[in-house]
Amino acid sequence: MRFFIPVAAALVVAACVPEDTNSGVGFNNYDSYEQQRARREAQLRQQAVPAQGAISDETVQTSAATQTPPAMQTPPAAPRPQPASSRTSTPTSNSNTGISDEQDFDAVASRETIESDRERLERQRAEYVVIEPTAVPTGGHYSGPNIVKYALSTTNNVGQALYSRSKIFAQSRYNRNCQKFPSPDKAQEAFLKSGGPKRDPKGLDPDGDGFACSWDPAPFRTARSGG
């Protein structure tokens, strides 16, 4: 009897304990749950990733920050030029009167004819004036001394005295009076006109060589000799 009571109690406890069917709380069978979850994940992946070559019909919303600014957008392609045979010739209106359209064949052909060209040519011929050549005007007659002729008539060098001169205040008069002339040629002309080379009332030739101030006959002599 004592042995029967523990055995009966063990059987009762075993009958009350459910079998281990890998079931959890809220699930009938864990293996079937895992299979169903795997199938759902596979279906979701197939729906999320479109097939190769397929285009999603989902509208893409671009933000204002990623949109291309108007200034950076690609301009529309320029129209392709048509062949000359397919273009229609239309008269060109020249609204700017300051620019000539004589190089535009269509513009000229729209307003010019052979008759108008002939009339314009005849009008230009009638207005053509021939100017006969006239004699070249000569300069005024100069009656003063010729310094070129004088330079060629002399043979002495600059500083070689040929005429006697007064030594009183000679250098001061020379410096003061030579500054009054714009060039040595003008000083030599005034010197010859006032009695030079023999006389020198203005003190332009204190050394008596016959050459006033800094005038030099050498350039004229060189020109005559050709070198």
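The values are calculated or read from the model by the stated rules, or taken from the named source; none is laboratory data. The shown structure was predicted, so the numbers you read here are calculated from the model rather than taken from an experiment. Cβ coordinates were reconstructed from backbone atoms using ideal geometry, including for glycine residues, and neighbour counts include every protein chain displayed. Quick note on the areas: whole protein, heavy atoms, side chains included, nothing else; ligands and nucleic acids left out. Shrake-Rupley method; radii C 1.70, N 1.55, O 1.52, S 1.80 Å.
Taking a ≥ b ≥ c as the square roots of the eigenvalues of the alpha carbon gyration tensor, region 139-188 is oblate, as a/c is not under 1.5 and a/b does not beat b/c.
With R₀ set to 25 Å, the beta-carbon distance separating I168 from K193 gives a calculated FRET efficiency near 0.60.
When the square roots of the Cα gyration tensor eigenvalues are ordered a ≥ b ≥ c, the ratio a/c for region 116-227 is 1.5 or more and a/b exceeds b/c, which makes its shape prolate. In loop segments of region 139-227 as defined by DSSP, the trypsin sites (Lys or Arg not before Pro) with at most 14 further C-beta atoms inside 10 Å of their C-beta are K167, K180, K198, R199. Measuring only protein heavy atoms, the 1.4 Å probe finds D117 accessible over about 70 Å². Of the chymotrypsin sites (Phe, Trp or Tyr not before Pro) found in region 114-200, those in coil by DSSP whose Cβ has at most 11 other Cβ atoms within 10 Å are Y128, Y142, F169.
Fully extending the segment from S110 to R221 would add 32.8 nm, taking 0.36 nm per residue of separation and subtracting the current Cα-Cα distance. Between D117 and S183, the contour length at 0.36 nm per residue exceeds the alpha carbon distance by 17.6 nm. Scanning residues 5 or more positions from D207 or on other chains, none has an amide H under 5 Å from its amide H, with H placed 1.01 Å from N in the peptide plane.
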